[in-house]
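A short worksheet on the structure shown next.
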């Protein structure tokens, strides 16, 4: 017979076990009800795992393949879950137009994460509402036609330096290869540093370049486990554990780099006016000592400051443009070179247009219609950003299908990759055909099916800069070199695990000097 005290312990333990089992059953039933939301509302989608949703699908294949499989199997509107939260993957151009343009007030927020490091909190990509409008209106002045024309020659000089460096490494070689990811990565880091900040990072100096490039590349690399936790865990847990969307250590490195450049600019000849991005930021900086008064003697410093940028906003803007300027254009140029290697007939057509240029300047580059078509087709086939999120700030009623509702706080993920690879919009979607984007064929492209830079008011602010940079760099490169498919050319592409970004681990192509 058990002692009385031990019997009491067992009895109390049984009671706790019953409560625990009851609580667990309640959680399972509640979770099952939550992840049946889209089924109950007539939206098809993949089966979900309790408490996780569909997040684990991203562990087994690249995210762009997962999205494409969803759209092909379930249609242009797919119901998914991150944890218990019902979200949508959308590849319907009419609904995309509604979300990004017509109902923009309902979807004002793009990238949203439970935890943001101090430097991320002021990124233009995560701001929304009046704060986003104010910062964007100030930053957009950087990308006017006048500003782009002024910086064009600077970009051109960066490409000349890149070709000089390539020539030194390729001397005495009739045929060789380049790692285009590395090649264009260094070039775009040079362009970004000089055009935006008027500074030389010595990207072709091996010792320093490796450190800088490493931090840029690591910033975009995603830890699969951290990403899954970020998607399914409660917000309080992500904040507590500081589950950031970016690698915070590398962000801090870039933050210190930007701060050093800014301080050097302020200390060295502060009255000199530069024609770069940083000059505009500094001219928009809040003067904390401002204490002006209006005619009634009331302080107007707050009104003035609302039209200016804080020091933290300047540093954050500098970092996000360093990141965006490096990653997107280098990825675009890498994929373009790879496709030209595999399509020598298209490359020959480009030679004909580029070689006809007697002078490579802002006007003549923008008149190269086939060059522009090649760039656009590369953006279609290999969009640098494959997924565009929008956060619902109020319940949004979807058109048709019994009028289901996307709940407030849920996300609509616009699948750019699925749109660009839908044969309904682009026949033979995996074939590289620049002719799709020639002037005589543009009318055949359905609106809101070509979204490499997004759409609506949140269209990428640096789009024009990225395009003129890519066209200029490619034109100057092809004037001197020919891309060839040889033994060095990458045959089996392995993609980097990056949520929302399409990049390859290695991408090599053969090159030959042109006569």
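The values are calculated or read from the model by the stated rules, or taken from the named source; none is laboratory data. Worth saying up front: this structure is predicted, and the values here are computed from it rather than measured. Cβ atoms come from the backbone with ideal geometry, glycine included; neighbour counts cover every protein chain shown.
Which condition breaks for residue 291 when tested against (1) in contact with a helix residue (DSSP H, G or I) (Cβ under 8 Å, 6 or more places away or on another chain); (2) modelled with pLDDT under 90; (3) in a helix (DSSP H, G or I)?
(3)
State all residues of region 397-445 that are touching a helix residue (DSSP H, G or I) at 6+ places or on another chain (Cβ under 6 Å) and closer than 20 Å to residue 72 by Cβ; if no residue qualifies, say none.
Within region 397-445, 412, 414, 415, 417, 418, 420 qualify.
Kindly provide the set of residues from region 436-450 that are touching a residue at least 12 places away in the same chain (Cβ under 8 Å) and either assigned to a helix (DSSP H, G or I) or in contact with a strand residue (DSSP E or B) (Cβ under 7 Å, 6 or more places away or on another chain) (or both), ordered by number. Spell out how you get there, then give the answer.
Going residue by residue through region 436-450, those that are touching a residue at least 12 places away in the same chain (Cβ under 8 Å) are 436-439, 445-450.
Result: 436, 437, 439.
Checking the conditions here, which among 107, 51 is part of a loop (DSSP other than H, G, I, E, B), touching a residue at least 40 places away in the same chain (Cβ under 8 Å) and surrounded by fewer than 18 Cβ atoms within 10 Å (Cβ to Cβ)?
51
Pairs only if they're at least six apart or on different chains, beta carbon under 6 angstrom, first in region 124-145 and closer than 14 Å to residue 459 by Cβ, second surrounded by fewer than 16 Cβ atoms within 10 Å (Cβ to Cβ); list them, first residue then second.
143/464
Out of the residues in region 360-397 that are surrounded by fewer than 18 Cβ atoms within 10 Å (Cβ to Cβ) and in contact with a strand residue (DSSP E or B) (Cβ under 9 Å, 6 or more places away or on another chain), which is nearest to residue 160 (Cα to Cα)?
389
Any chance you could count how many residues in region 113-133 are more than 21 Å from residue 387 (Cβ to Cβ), out of contact with any helix residue (DSSP H, G or I) (no Cβ under 7 Å at 6 or more places or on another chain) and not in a loop (DSSP other than H, G, I, E, B)?
The first filter runs over region 113-133 and keeps only residues more than 21 Å from residue 387 (Cβ to Cβ), leaving 117-119, 121-122, 129-131, 133.
After this cut, where a residue has to be out of contact with any helix residue (DSSP H, G or I) (no Cβ under 7 Å at 6 or more places or on another chain) as well, the list is 118, 121, 129-131, 133.
Right, trim to not in a loop (DSSP other than H, G, I, E, B) and you get 121, 129-131, 133.
Of the residues in region 113-133, 5 are more than 21 Å from residue 387 (Cβ to Cβ), out of contact with any helix residue (DSSP H, G or I) (no Cβ under 7 Å at 6 or more places or on another chain) and not in a loop (DSSP other than H, G, I, E, B).
Can residue 432 be described as at negative phi and modelled with pLDDT under 95?
Here the answer is no, as residue 432 does not meet what is asked.
Just one of the numbered conditions (1) closer than 26 Å to residue 163 by Cα; (2) modelled with pLDDT under 85; (3) surrounded by 15 or more Cβ atoms within 10 Å (Cβ to Cβ) is not true of residue 499; which one?
Tallying (1) closer than 26 Å to residue 163 by Cα; (2) modelled with pLDDT under 85; (3) surrounded by 15 or more Cβ atoms within 10 Å (Cβ to Cβ), residue 499 fails exactly one: (1).
Considering region 255-283 alone, what residues qualify as being surrounded by fewer than 12 Cβ atoms within 10 Å (Cβ to Cβ), within 28 Å of the chain's Cα centre (by Cα) and modelled with pLDDT under 75?
Result: no residue meets the conditions.
Being closer than 30 Å to residue 396 by Cα, crowded, with 17+ Cβ neighbours inside 10 Å and in contact (Cβ under 8 Å) with a residue 24 or more places away in the chain is the requirement here; does residue 96 meet it?
yes
For region 17-48, how many residues meet the condition of being in a loop (DSSP other than H, G, I, E, B) and either touching a strand residue (DSSP E or B) at 6+ places or on another chain (Cβ under 6 Å) or surrounded by 11 or more Cβ atoms within 10 Å (Cβ to Cβ) (or both)?
Of the residues in that region, 9 qualify.
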